[in-house]
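Student: Handing you a structure now.
The values are calculated or read from the model by the stated rules, or taken from the named source; none is laboratory data. Keep in mind that this is a model prediction, so the values were computed, not measured. Ideal geometry is used to build each Cβ from the backbone, glycine not excepted, and the neighbour counts take in all protein chains shown. Heavy atoms of the whole protein, side chains included, go into the accessibility calculation; ligands, DNA and RNA do not. Shrake-Rupley method; radii C 1.70, N 1.55, O 1.52, S 1.80 Å.
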Amino acid sequence: MADSSARVVALRAAGTSLVVEMTEPVPRVLHWGADLGELSDAELGALSLTGEAAVLNSSIDCGRRFTVWPTEAEGWSGTPAHFGHLDGGAGAPRLATSRVEHRADPRGGGEVRIELADTGAGVDVALTYRLEPSGVLGVSAELTRRAAVDADPAPYDLGQVVTLLPVPRRASEVLDFTGKWSRERSPQRRELAHGTYTREVRRGKPGLDSPYLLAVGTPGFGFRSGEVWAVHVAWSGDQRFLVEQLPEGAGVHASALGGGELLRAGEVRLAPGESYRTPVSWYAWSAAGLDGLADRFHTLLRARPQHPSRPRPLVLNSWEAVYFDHDLDRLLRLVDKAAEVGVERFVLDDGWFLGRRADNAGLGDWQVDPAVWPRGLSPLADHVRARGMEFGLWFEPEMVNPDSELARAHPDWVLGPAAGRGPTSRNQYVLDITNPDAWAYLLDSIDTLVTAYGIAYLKWDHNRDLHEAVHGPADRPVAHAQVRALYRLLDTLKERHPGLEIESCASGGGRVDLGVLARTDRVWASDCNDPVERQSIQRWTGQLLPPELVGAHFGPSPAHTTHRETDVSFRLATALFGHAGIEQDLTSCTGEELARITAWTAMYRELRPLLHGGRTVRADLTGPGDAQREARLLHGVVAYDGSAALYCWARTATSTEAQYGRVQLPGLAADGSYEVRVRTELGLPSLHQTGGPAWLTEALAGWVRLPGAVLAEAGVPLPTLNPGQALLLEVRRAA
């Protein structure tokens, strides 16, 4: 039911709450974080009273408030919720509440919609807070230039829109991410100081150095401890993340956390009657560290109606097996080997389309090359399905090589300034998919191929940044429109082909966000299949995404990206914790390697319900310095009912310690009773010791019964592994 009469509105779900007071002219945020419980009117009055800030020296002559839409009109000197201008005027937004709606959700949470009006610029704001049953809060806004008979016909140039929520003083440490090709989502921490810490993305996609998730928490917060507040911008283009702490605070709060789309100058110009809708910024709070935060996001994603519901097929992708050598006989032999080891989906990567012999030609010409495939892709696709597997195909639809029939026929479809384009990147430019003809060409090309070859899966790549993303003689910026066109293209393909699955790949993990995942089925975490690098990449990708959405393949040794030599057992153990796959020429494997791979695919199918349906856990392992802490990793997945768990104890480098000591297995109940064993099918790791510990020796032979107090509280000694080694521990509740 809608309720517009309540003075204070509280949304509550899963131990978290948002409390908003309908003050005039703009409502203010009283609280966001831990659930305050079912407050009486008197208690709500007390909360409102404590929301009144002091009047400061040399300041505005009233107590400061942090409202749902902070601007200078209320004395806010920080980043405003929005700014813009109307033909050079109306540069001081002054809004007032026009309508409030509150709808409760019987599952927990609910929605508050607050409508604000700015009579000066004629801009209305509809702000929506949606607290999901997971406790994750989705915040979005729609800004509309009001249409009126006497309205100024000049467009309102929108410069920026961000949504902001307050965080308390104890949130004083910042975590976000950076990276590069083959080393995505690398964490970085810093102390929160006065001023604005901003991460801006100007790549036309989140990028390999994506901020990904901006978190602030109590000092030293870890995977299993500390209080954390975080935001993720669900948008597949330019982004802005910020956390801001002013000396005067944010009302009675200390800081503001926020995010939104980064808008280029002149990109959004609202004529009377036109609107701009922000992407959703997802906010979450946890009192149980980063694992608690991840659990909220994983629960949010798994509750989506479009979330993959069937078991995630084990994949073989052909890239590192054959590269551009698309010889049918060779590929048919690869298909046969894939079927023998237990692969469920075969994906043909780059090299199948017109003129594509290397990465410098052919992009845009999405027709099967008759010189390489005289009978089309049917001989391969039919053989794949005959061997019991699904058939998938690689595309890079948003890009074009200058050396292509498409670029020669339609140079006006290539995105860039009228004066001339800048340098190519990876021998390619960006296709202007805001051009209706270019968009229609892509839809028709992909739709035709999906229909003709019964394609079940698209690997959708995107291998360069959008520099100078403008078009037309006036060089109008189109980075925003390019993302919207992408979304329409993906949505239309899904509508035409129910059941079609799509992977978001962008030079590896360059487009990993909840905007693209609203219409795709997994992401490619990284082009790097080196398990040493993958241990870190996957653990931090999992901060937002559950394992079933994260492509995790093993490849050959040495690794394609790093040339590092690693044991096959380490590669297999690492790739197990995700949507697993193979990136290797199985026809060149030895019998022993094929036997291990077959055992691994069987293990993946056996453990898939746990791996893709449980709670991700990561241990906080202390050590003498950051490098030492990253040298060893303990992570796993625990069933929500506590009945089973799988852990990976991995070492990526040596350390000064000969023996680490007792290690707690996260996520188990101290009052439970369990059995533990080592999974040995993939091969045993190499140890940097001569034997033991004693309990582990028994676990190598079979199940060992251990109380939860030992596993979860006292901890167990784990072996010192040599670098590039991993041990798999399986746990089940004792009968």
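Student: How much length is gained on full extension from Tyr640 to Arg99, taking 0.36 nm per residue of separation minus their Cα-Cα distance?
Tutor: Details: separation 541, 0.36 × 541 = 194.76 nm, distance 4.11 nm.
Extending this stretch completely gives an extra 190.6 nm.
Student: Same structure, new question: Going Cα to Cα from Lys459, which lysines come in below 16 Å? Please leave out same-chain ones fewer than 8 positions away.
Tutor: Within the straight-line limit of under 16 Å, Lys459 reaches these lysines: Lys494.
Student: Specify which residue in the list Gly109, Thr79, Leu143 is farthest towards the positive end of the charge dipole of region 77-226, using unit charges on the beta carbon of Lys, Arg (+1) and Asp, Glu (-1), about the Cα centre.
Tutor: Gly109
Student: Follow-up question, since we're still on this one. Show Tyr660, Tyr457 ordered by accessible area, largest first, where the area counts protein heavy atoms only and the probe is 1.4 Å. Spell out each step's value before the answer.
Tutor: Values: Tyr660 50, Tyr457 5 Å².
The most accessible residue leads, giving Tyr660, Tyr457.
Student: Using 0.36 nm times the number of residues separating Thr622 and Ala409, minus their current alpha carbon distance, what extension gain do you get? Don't skip to the answer; put the middle values down first.
Tutor: On the way: separation 213, 0.36 × 213 = 76.68 nm, distance 6.00 nm.
Gain on extension, Thr622 to Ala409, equals 70.7 nm.
Student: Taking a ≥ b ≥ c as the square roots of the Cα gyration tensor eigenvalues, with a/c under 1.5 meaning rounded and otherwise prolate when a/b beats b/c, else oblate, which class fits the chain? Intermediate values should be presented prior to the final figure.
Tutor: Details: a/c = 2.11, a/b = 1.19, b/c = 1.77.
Oblate, since a/c reaches 1.5 and b/c is not below a/b.
Student: Determine the order of Glu698, Glu503 by accessible area, beginning with the largest, at a probe radius of 1.4 Å. Write down the numbers at each step before the final one.
Tutor: Details: Glu698 115, Glu503 0 Å².
These residues rank, largest area first, as Glu698, Glu503.
Student: Considering amide H positions built from the backbone, and no H for Pro or chain starts, which residues 5 or more places from Asp105, or on another chain, come under 5 Å of its amide H?
Tutor: Under 5 Å from the amide H of Asp105 lie the amide H atoms of Gly110, Glu111, each far enough along the sequence or on another chain.
Student: Mind putting a number on the dipole of region 639-687 about its Cα centre? Charges go on the C-beta only, +1 for Lys and Arg and -1 for Asp and Glu, and I need it in Debye to the nearest 20. Please list the in-between numbers first.
Tutor: Details: 4 positive and 5 negative charges, 40 e Å.
In total the dipole reaches around 200 debye.
Student: So, one more: Could you order Thr587, Thr656, Thr690, Thr451 so the one with the most accessible surface comes first? Probe is 1.4 Å. All intermediate terms of the calculation are to be shown ahead of the outcome.
Tutor: On the way: Thr587 60, Thr656 115, Thr690 155, Thr451 90 Å².
The ordering from most to least exposed comes out as Thr690, Thr656, Thr451, Thr587.
Student: Mind checking the full-extension length gain between Asp327 and Lys180? Use 0.36 nm per residue of separation minus the Cα-Cα distance, one decimal, nm. Mind dumping the intermediate values first?
Tutor: On the way: separation 147, 0.36 × 147 = 52.92 nm, distance 3.27 nm.
Extra length from Asp327 to Lys180 when fully extended: 49.6 nm.
Student: So how do 278-285, 714-721, 362-369 stack up, highest first, on mean other-Cβ count within 10 Å? Numbers along the way, then the final one.
Tutor: Numbers: 278-285: 24.9, 714-721: 18.0, 362-369: 22.8.
For the peptides 278-285, 714-721, 362-369, the packing ranking is 278-285, 362-369, 714-721.
Student: Using a simple spin-label model with points 7 Å from Cα along the Cα→Cβ vector, what separation in nm is obtained for Arg732 and Ala42?
Tutor: Between Arg732 and Ala42, the label points sit 5.6 nm apart.
Student: For region 214-271, what does the alpha-carbon gyration tensor say about shape, rounded, prolate or oblate, given a ≥ b ≥ c as the root eigenvalues, a/c under 1.5 as rounded, and a/b over b/c as prolate? Mind showing how you got there, number by number?
Tutor: On the way: a/c = 3.83, a/b = 1.68, b/c = 2.27.
Oblate is the answer for region 214-271, as a/c is 1.5 or above yet b/c matches or exceeds a/b.
Student: Return the FRET efficiency for the residue pair Arg107, His85: r is the Cβ-Cβ distance, R0 is 51 Å, and the value is rounded to the nearest 0.05.
Tutor: The value I calculate is 0.75.
Student: Can you name the helices of the chain, as whole DSSP H runs, whose Cα span along the helix axis is 18 Å or more and whose Kyte-Doolittle mean is not below -0.5? Before the final figure, lay out each step's value.
Tutor: Details: long enough: 289-302 (20 Å, -0.06); 328-341 (20 Å, 0.27); 436-453 (26 Å, 0.43); 479-496 (26 Å, -0.46); 591-611 (29 Å, -0.12).
Helices meeting the criterion: 289-302, 328-341, 436-453, 479-496, 591-611.
Student: Suppose R0 equals 45 Å; then what is the FRET efficiency for Thr196 and His563 from their Cβ-Cβ distance, rounded to the nearest 0.05? Walk me through the intermediate numbers first.
Tutor: Numbers: r = 41 Å, r/R0 = 0.92.
E(calc), rounded to 0.05, equals 0.65.
Student: Further question: Heads up, I need the accessible area for Arg224: 1.4 angstrom probe, whole protein in place, Å², nearest 10.
Tutor: Roughly 100 Å² of Arg224 is accessible to a 1.4 Å probe.
Student: Compute the FRET efficiency between Arg170 and Asp437 as 1/(1 + (r/R0)^6), taking r as their Cβ-Cβ distance and R0 = 51 Å, and round to the nearest 0.05.
Tutor: 0.40
Student: Once you have a ≥ b ≥ c as the square roots of the Cα gyration tensor eigenvalues for region 482-609, tell me rounded if a/c is under 1.5, and otherwise prolate or oblate according to whether a/b is larger than b/c.
Tutor: Here region 482-609 falls in the prolate category.
Student: Lys180: which lysines have alpha carbons under 19 Å from its alpha carbon, excluding same-chain residues fewer than 8 sequence positions away?
Tutor: By straight Cα distance, Lys180 reaches Lys205.
Student: Taking the Cβ of Ala438 as the center, what net charge do the other residues with Cβ under 13 Å away carry, scoring Lys and Arg +1 and Asp and Glu -1? Mind dumping the intermediate values first?
Tutor: Details: positive: Arg488; negative: Glu398, Asp412, Asp432, Asp437, Asp444.
Net of charged neighbours comes to -4.
Student: How big is the dipole moment of the chain about its Cα centre under a simple scheme where the beta carbon of each Lys and Arg is +1, that of each Asp and Glu is -1, and everything else is neutral? Debye, nearest 20, please. It would help to have the intermediate numbers written out before the result.
Tutor: Values: 74 positive and 93 negative charges, 257 e Å.
Computed about the Cα centre, the dipole is about 1240 debye.
Student: What's the ranking of 36-49, 665-678, 699-712 by average number of surrounding C-beta atoms within 10 Å, highest first? Intermediate results must be reported in sequence, preceding the final value.
Tutor: Numbers: 36-49: 12.4, 665-678: 19.0, 699-712: 16.5.
Packing order, densest peptide first, comes out as 665-678, 699-712, 36-49.
Student: Using unit Cβ charges (K, R positive; D, E negative) and no other charged atoms, how large, in debye to the nearest 20, is the dipole of region 335-396 about its Cα centre? Before the final figure, lay out the partial values.
Tutor: Working: 7 positive and 11 negative charges, 40 e Å.
The calculated dipole for region 335-396 is roughly 200 debye.
Student: Right, something else. Using mean Cβ contacts within 10 Å as the protection proxy, how do 266-272, 492-498 order, highest first? Please report the intermediate quantities before stating the final value.
Tutor: On the way: 266-272: 17.7, 492-498: 14.0.
Highest-to-lowest ranking by the protection proxy: 266-272, 492-498.
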